[in-house]
1. How many residues are touching a Pro at 6+ places or on another chain (Cβ under 6 Å) and not in a strand (DSSP E or B) if we restrict to the stretch 1-18?
2. Quick check on the stretch 90-130: of everything there that is more than 23 Å from Thr2 (Cα to Cα) and among the polar types (S, T, N, Q), which residue is surrounded by the most Cβ atoms within 10 Å (Cβ to Cβ)?
3. Name the single residue that is surrounded by the fewest Cβ atoms within 10 Å (Cβ to Cβ) among those in the stretch 49-69 being touching a residue at least 40 places away in the same chain (Cβ under 8 Å) and of a type outside the set (Gly, Ala, Ser).
4. Find the residue count for the stretch 70-89, including only residues that are part of a helix (DSSP H, G or I) and either of a type in the set (Phe, Trp, Tyr) or open to solvent by less than 70 Å² (accessible area, probe 1.4 Å) (or both).
5. Testing Leu105 on (1) out of contact with any helix residue (DSSP H, G or I) (no Cβ under 6 Å at 6 or more places or on another chain); (2) over 24 Å from Gly41 (Cβ atoms); (3) not small (Gly, Ala, Ser), one condition comes back false. Which one is that?
6. So for the stretch 88-108 (the condition being farther than 17 Å from Val135 by Cβ and touching a Pro at 6+ places or on another chain (Cβ under 6 Å)), does at least one residue qualify?
7. Restricting to the stretch 78-136, give me the number of residues that are under 18 Å from Arg62 (Cβ atoms) and either of a type in the set (Val, Ile, Thr) or touching a Cys at 6+ places or on another chain (Cβ under 6 Å) (or both).
Amino acid sequence: MTVQLMTPPNMFGPVPYHHVSISTGTRHVHVAGQIARDADGNRVAEGDLAGQLAQSLRNTARGLAGAGATFADVVRLRFFVTNWTPDKYADFLDGINQVAEELALPNPLPPLSAIGVDYLFEPDVLVEVEAYAVVD
């Protein structure tokens, strides 16, 4: 296994992710920000944060697979969410939960950041996901 996820004692919790990842692989995989578009570029789940997050994670999985990686190889995730407010947290988690089994997402997730932004790509885009993985 090229990635070890851990949360050292006395780190902030509870959170749905590990605070630390240790990688020992040799190939670094960077998946560019993925949004809620299908393979033809059509919009998916307009106005639905959970639905867009689920589709963005599916697209991220495709990018990882193209490089011979899976979410088990991910050492860092970044989520950019438009107009973030704390009341969106339930929808954010719902989007992850919608695809957790389908994509074999680690539980807890690798280290992540959820960053609130004003605007992404196009006005309908509510979330963007970046992934960084390490594989042998």
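1. Total meeting the criteria: 2.
2. In this case the residue turns out to be Gln98.
3. Of the residues in the stretch 49-69, the ones touching a residue at least 40 places away in the same chain (Cβ under 8 Å) are 49-54, 56-61, 63-64, 67-69.
With the extra rule that they be of a type outside the set (Gly, Ala, Ser), the set shrinks to 49, 52-53, 57-60, 64.
Numbers: Leu49: 21, Gln52: 27, Leu53: 27, Leu57: 26, Arg58: 19, Asn59: 21, Thr60: 24, Leu64: 21.
The residue in question is Arg58.
4. Of all residues in the stretch 70-89, those part of a helix (DSSP H, G or I) come to 71-73, 86-89.
Cutting the leftovers down to either of a type in the set (Phe, Trp, Tyr) or open to solvent by less than 70 Å² (accessible area, probe 1.4 Å) (or both) gives us 71-73, 88-89.
Residues that pass the stated criteria total 5.
5. (1)
6. yes
7. Count: 6.
The values are calculated or read from the model by the stated rules, or taken from the named source; none is laboratory data. A quick note: this is a predicted structure, and the numbers were derived from the prediction, not measured. Virtual Cβ from ideal backbone geometry, glycine too; neighbours counted across all protein chains shown. Keep in mind that these areas ignore ligands, DNA and RNA; they rest on the heavy atoms of the full protein, side chains included. Shrake-Rupley method; radii C 1.70, N 1.55, O 1.52, S 1.80 Å.
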